[in-house]
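S.K.: I am attaching a structure below and will ask some questions about it afterwards.
The values are calculated or read from the model by the stated rules, or taken from the named source; none is laboratory data. As the structure is a computational prediction, the values presented were derived from the model and not from experiment. Note: ideal-geometry Cβ built from the backbone for every residue, glycine included; neighbour counts use all protein chains shown.
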Amino acid sequence: MGPRLLLLLLLPALLAPSFACGNDEGSTIAGGGPVLTEIPWRVPETTKYRLLEDDEQIGSAELTIESGQGGNDTFGQSFRFPEREITDDVEVSANAGTLAPTAVTRAVNSQDGERSWDVTYGASTVTVVQSDEDDERTDTIDVPTTSYDTWTDLFLWRTIDYEEGYEVKYAAVVTADFAKPEVISIALKVTGLESVTVSTGTFEAWRLEIRSGGRTQKAWIADNGERTLVRYDNTELIWELEG
């Protein structure tokens, strides 16, 4: 395995809020339910994060929301790893009120080349075209009528009904990833309020547990009008809000 491929294969585990290992054993895909209750943000919005590995900053992330066309907004995630010479940029076009996805683009650049994804959602399918300078692959799978792209998870989690003990499941579509696309079930549980201190200060934040495929991630969502993502532990990296 060459250094370029090794670096690229590391990225899904380090960055994506998706769970590539599949569904919880015995669970069913949740295709509906009151997942999104209200939109807390104002457009445009930009938030920046430190990416920590073993308490050492190895990169940075920027999340953006911008107005799009046809009733859609654009949800962006940009990652920078200077020492590893990697950049990773994702944009999702999704309905501004429901977060129903319509398209995703992703471009990963390393010192040895680029890999890109173009994702198109239909009424009940999604098509993913993944390519680099050597090859191109196209996959099409069926998706539930009510589902969300995993690259909008960090935004979707801000929209749920925050009260202690609240639980909900939803169908998530893994698209712009190095593996083949798939539909998984993600379960959310609000466990309570905690004080969280990051470089920008101390926040009262809701602790959210995210479970799928035998993995549990954690996110802390500020108890404010914007429901700001303050801290996120995806089991590989810690995200911390900065100025």
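S.K.: From V43, V90, which residue is of a type in the set (A, V, I, L, M, F, W, C) and part of a strand (DSSP E or B)?
M.R.: On inspection, the qualifying residue turns out to be V90.
S.K.: Does the range 97-111 hold any residues that are under 17 Å from F178 (Cα atoms) and either over 16 Å from the mean Cα position of the chain (by Cα) or free of Cβ contacts under 8 Å to residues at least 12 places away in the same chain (or both), and which are they?
M.R.: Within the range 97-111, N109, S110 qualify.
S.K.: Would you mind telling me which numbered condition in (1) touching a Phe, Trp or Tyr at 6+ places or on another chain (Cβ under 6 Å); (2) of a type outside the set (D, E); (3) part of a strand (DSSP E or B) T152 fails?
M.R.: Condition not satisfied by T152: (3).
S.K.: Considering the range 196-221 alone, what residues qualify as being buried (at least 16 other Cβ atoms within 10 Å of the Cβ), of a type in the set (G, A, S) and within 22 Å of F79 (Cα to Cα)?
M.R.: Passing the criteria: only A219.
S.K.: Could you list, in sequence order, the residues of the range 222-240 that are hydroxyl-bearing (S, T, Y) and either surrounded by 15 or more Cβ atoms within 10 Å (Cβ to Cβ) or in contact with an Asp or Glu (Cβ under 9 Å, 6 or more places away or on another chain) (or both)?
M.R.: Residues satisfying the conditions are T228, Y232.
S.K.: So, one more: Residues in the range 178-195: is at least one surrounded by fewer than 18 Cβ atoms within 10 Å (Cβ to Cβ) and among the hydroxyl-bearing types (S, T, Y)?
M.R.: Looking for residues that are surrounded by fewer than 18 Cβ atoms within 10 Å (Cβ to Cβ) and among the hydroxyl-bearing types (S, T, Y), one finds at least one in the range 178-195, hence yes.
S.K.: Something else about it: Which residues, counting only those in the range 64-79, are in contact with an Asp or Glu (Cβ under 8 Å, 6 or more places away or on another chain) and not acidic (D, E)?
M.R.: Within the range 64-79, T64, I65, S67, T74, F75, G76, Q77, S78, F79 qualify.
S.K.: For the range 140-149, indicate whether the set of residues that are in contact with a helix residue (DSSP H, G or I) (Cβ under 8 Å, 6 or more places away or on another chain) and not charged (D, E, K, R) is non-empty.
M.R.: For the range 140-149, residues in contact with a helix residue (DSSP H, G or I) (Cβ under 8 Å, 6 or more places away or on another chain) and not charged (D, E, K, R): present.
S.K.: I need every pair where a residue in the range 40-55 that is closer than 22 Å to S67 by Cα has its Cβ under 8 Å from the Cβ of a residue that is hydroxyl-bearing (S, T, Y) and in a loop (DSSP other than H, G, I, E, B), sequence separation at least 6 or different chains.
M.R.: Matching pairs, first to second residue: T47/T228.
S.K.: Applying the selection to the range 55-82, what residues are acidic (D, E) and modelled with pLDDT of 95 or more?
M.R.: First, pick out the residues of the range 55-82 that are acidic (D, E): 55-56, 62, 66, 73.
Within the range 55-82, E56, E62, E66, D73 qualify.
S.K.: Still on this model: List the residue pairs whose Cβ atoms are under 9 Å apart, where the first residue sits in the range 129-158 and is under 17 Å from A103 (Cβ atoms) and of a type in the set (G, A, S), the second is modelled with pLDDT of 95 or more and not in a strand (DSSP E or B), and the two are 6 or more positions apart or on different chains.
M.R.: Filtered contacts from the range 129-158: S147/A100.
S.K.: A follow-up question, please. Within the range 145-162, identify whether any single residue is closer than 13 Å to Y121 by Cβ and aromatic (F, W, Y), and answer yes or no.
M.R.: yes
S.K.: Checking the structure you have, find out if any residue of the range 106-113 is closer than 16 Å to V174 by Cα and crowded, with 16+ Cβ neighbours inside 10 Å.
M.R.: Checked against the condition, which is being closer than 16 Å to V174 by Cα and crowded, with 16+ Cβ neighbours inside 10 Å, the range 106-113 yields at least one hit.
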